[in-house]
Each structure stands twice: as structure tokens, then as C-alpha cells.
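Down below is the structure, laid out as C-alpha cells.
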Amino acid sequence: MMNRTAHGLRALGVRPGETIAVVMSNRREVIECYGAAIQSGLYFVAVNWHLTPGELSYILADSNAKAVFTEHRFAEVVGRAAGEANIDQSAVLVADGSDGFRSLSEFVQGQSSEAPSDRSAGQIMFYTSGTTGRPKGVRKSFRAVASDELTLTSGIGPIGRVAQSDDSLDTLNTDLVCLASGPFYHGMPIASAVSSLDSGGSLVVMDKWTPEGFLDLVQQHRVTYANVVPTMFHRLLALPEEVRRKADVSSLRLVSHAGAPCPVDVKRRMIEWWGPIITESYSSTEGAGTTATSEEWLRKPGTVGRPNPGVEIMILDDDGNELPSGEQGLVYMTPTLWEFEYHHDSAKTLSARHDNMFTVGDIGYLDEDGYLFLCDRKADTIISGGVNIYPAEVEAILLQHPAVRDVAVIGVPNDEWGEEVRAVVEPYDLAGTTSDLEAELIELCQSQVARFKCPRGVDFVESLERDPNGKLRKGVIRARYWPDAGKRI
């Protein structure tokens, strides 16, 4: 199917260096479309299907997508977004068919199942935040890969030190069964899936995650490898003890987690339950960073590990000077395998660079053994359940309301999700604020952006903290909500 789709894209007129987008839930067609792009020299953009038509159309237009693949339940919304992005409706392809749209089966009908004769390596492109709150595509350079050496991971690259030793990795690959339970519009789930397929393993795809469903699939398919986020650990540990005791997880030999900090107690309890098979990765859309095995983490609780092969980590102060071990500063790392730029945002690209290194704005320190510890994340980004939420986008919406004079959107503690979104609003008339106004503001957000980005609650204050130069002092505001003002957990 990957080959047929690749030929279909050529017949549609999509050429190397151009872009295709996918708006789908976790299903095999995502991997098939990805495989078609990676051997056709295309950029592959996986889009969060929770987004509104306006948000979708922005990404489709910004990436200059030439075709978009979706499924029946999203077809109407995607078709509208594609029209706004000036994508011809004949290039909107629906996996399971939908009235008024071209079906994927029709699209590939009559196409050859042989690999294209002029294969070239494509690249995956994810969207992350811009300085204005609009998402920005992380556009990586293409790699020079010989046609006969192309693999699914050519567009992603190695995902780090995923095993405690070479022996355990060899053992894992002999009968690898990967459970892909995170959404494919995030980097780690799709990287784990295609890496497992390249290794000759089997892939089990989970669409809607539940702790019971996860454990059932592990037992049913004798899963050996899974990738999760800390929120999933929290929900697994919240199951009744009897359920956890009966769950058969004996087949698991490697579980990797990423996407958000994991509370020390949660990580320790998971290792006690599943054994020392859990690895943690610190990385970003822009590049790979570090990995910590269970053994390393137990020796140094809270670490996110040592640099992956080919990666150098440095801690710099605001003036670009390297800091000694133990001192906190901006975490910089070297890009591996390829360079990147923020699509259509050269200023953001330049601001993230220092010589041959880049930063995503995280604060941390290296200990005397070279292990990285994170103290805080990007100053404003909210990470809820492993998903990045960018306050500027939500703040711009709330400021549209006539009752709002100023607003700060922040992440506040949530035991299950790590953080939840809260709006702190300075109204024009504090005495006139009511629960009805709170509901109005939340509904205003929900009418313009995906619900997961919207505040769960609104607090009204007399005045927000701003510096004399007008800069919002979000650190001061957040400190009221976090037990440890210097550390968001």
C-alpha cells in the first residue's frame, strides 16, 4: 500500500520537496501514507485531528500541503479547511470513503505495488509553537540516503539509547511486538512504530487510550515494547490494586516514556510494578537529547539521562557562557543527522541557535557525571498529558472579550495530567465578575480553538504582575499555584 500510495501521489502531481498532510486517528493508513512520503522525497505533516477548521487550514496553508489524507469522521471539517488553504478537493483523500470526497482505495486503484524507480528520502515535519502562539513547522533538511538503503526511519532517525545494553536490544528484536498507544501526530509514538516495523517486529495500534485497554492489549498480544507519557503511568497506578495485581505484563521488556516530566514517586512505583525496564527520553521536535535507563534513574532519581550518541549537551547562561556542573542555565544541544529551521520564521530559528547548538528554552543543569536534570520548562509553555499548549494563542482570544483588561494563561498543578490550563484575568470591573462571565470566557475559547487548549477555570484578580517595560511576570503569577515556586512538577 505504501508503494501504491507513492505512485498515486506522483500521478496527482506531487513532486519531491513538496508536502502532504495527514489528519487521522491511530490507524494503519497513517503509517502507509508516511511510508509513501518517506520514499518519495516529500515532507510528511501529521496534524492533530482535535484542531478546529481554522487551526487546520492554517497548518495546511503554512506547510503548502499538496494533498491531505483523512478519514470519514473528519472529512467534512478537513474538506472545509483544505478549501480555505486552497487545496483542490480532488486532493482530499478519505481512507474509509465519504460522500463528496475521493476515497483512498480509488486513489491507489491501478497503481503499481512495486517501489518507485526514483526513490529519495523524505522527511517528517511536526508543528510546534511560534512566538506569537501560531504553530511553526520544524522543517528539517533532507538526508542523502541511497535508494536501496531507504527505510521507514530514514525520516526520523534513531530514537536514542532505547535499551539498557546491546544484549537486551538484540533480545527485544527477536520477537518484537510494539504497542503504539500515543497519537501518531506526536513524534515519539510514530517514531517508535516505524522503528519497530523496520526492526522486523509486529505493531499493535491503539486509538483511544484507557489504562484497562492498555493492559488488555499487552496481555492479549504479548507486547514486548511500548511508548507512553507520564499521564498514562498516573492513570495505570490509579487502577484498583486487585486489577493491577491480576494484569499480566510479564511480556514487557522495554517501556520508554517522554513528553513531560515524570514525578519521582510515580516513576519509582512504576519501576517497582514492572521492573527496571523503563527508560526515559528528553527530546524535542527539533532534535534528540538524552535517555535514562531504570538503573541510571534509580542511582540518580529525577535525571533525564545522558546524551544520546552524537549529541552534546551544554548549559549556558544568558550571555552564552558555559556553566559548570551543578549550575542552572539554558539547555543547549547539538542537532543530530540533520539541520532544521522554523518554517517561515527565520527570527525564531536564529534566536534558538548558539554556534552549532540549539535550545528549546528549557532550564536545567548537568551533574558531575554528565547527567541532565531539568529544573523548569520553557517559561510559558503548558504541558498537559504530554501535549504542548501555548498560552499566547489562548490569551489573544480571551482579550477579545470586552470585560477583559488583561490576562495570563498558565499551567497549574493537576495530579493526573501534570498541568491543566487556567486563565488569570484582570477585568475592567472586578466587582462585576460572576460565574456567568467565567463560563462566557471558556465558551469563547472553545468556539475558536480545540478544547484541550481551553482553560478549565478562570480566576479574577485586581491586577496582573507586569514589569515597568510591560512584560507580564508569569513566574510571579505561577508561584501562587505551585507548592515549590522554583519548580513545576
Within region 421-434, of all residues that are surrounded by fewer than 16 Cβ atoms within 10 Å (Cβ to Cβ) and of a type outside the set (S, T, N, Q), the one modelled with the lowest pLDDT is Gly432
- Query: Are any of the residues in region 454-473 assigned to a strand (DSSP E or B) and of a type in the set (A, V, I, L, M)?
  - Reply: yes
Among residues of region 104-131 being closer than 18 Å to Val14 by Cβ and among the hydroxyl-bearing types (Ser, Thr, Tyr), the residue modelled with the highest pLDDT is Ser112
Q. Going by the structure shown, is Gly364 within 21 Å of Pro413 (Cβ to Cβ) and in the same structural domain as His186 (by TED's automatic domain parsing)?
A. yes
Verdict on Val407 being assigned to a strand (DSSP E or B), in contact with a Phe, Trp or Tyr (Cβ under 8 Å, 6 or more places away or on another chain) and either under 26 Å from Lys136 (Cα atoms) or not assigned by TED's automatic domain parsing to the domain that holds Leu298 (or both)
no
Checking Ser40, Ser112, Ser141 in turn, the sole residue that is over 23 Å from Met188 (Cα atoms), touching a residue at least 24 places away in the same chain (Cβ under 8 Å) and of a type outside the set (Asp, Glu) turns out to be Ser112
Looking across region 280-296 at residues that are of a type in the set (Ser, Thr, Tyr) and not in a loop (DSSP other than H, G, I, E, B), the single one that is farthest from Val138 (Cα to Cα) is Ser294
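This table checks each residue for (1) modelled with pLDDT under 90; (2) more than 25 Å from Glu420 (Cβ to Cβ); (3) not in a loop (DSSP other than H, G, I, E, B).
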| position | (1), (2), (3) |
| --- | --- |
| Leu298 | no, yes, yes |
| Pro309 | yes, yes, no |
| Ile315 | no, yes, yes |
| Asp318 | yes, yes, no |
| Pro324 | no, yes, no |
| Ala347 | no, yes, yes |
| Leu350 | no, yes, yes |
| Cys375 | yes, no, yes |
| Ala379 | yes, no, no |
Going through (1) surrounded by fewer than 20 Cβ atoms within 10 Å (Cβ to Cβ); (2) modelled with pLDDT under 90 one by one, Gly418 fails only at (1)
Those residues of region 337-365 which are surrounded by 17 or more Cβ atoms within 10 Å (Cβ to Cβ) and of a type in the set (Ser, Thr, Tyr) amount to Tyr342, Thr349, Thr359, Tyr365
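The values are calculated or read from the model by the stated rules, or taken from the named source; none is laboratory data. Computed from a predicted structure; not experimentally measured. All Cβ positions, glycine included, derive from the backbone under ideal geometry; neighbour counts span all protein chains shown.
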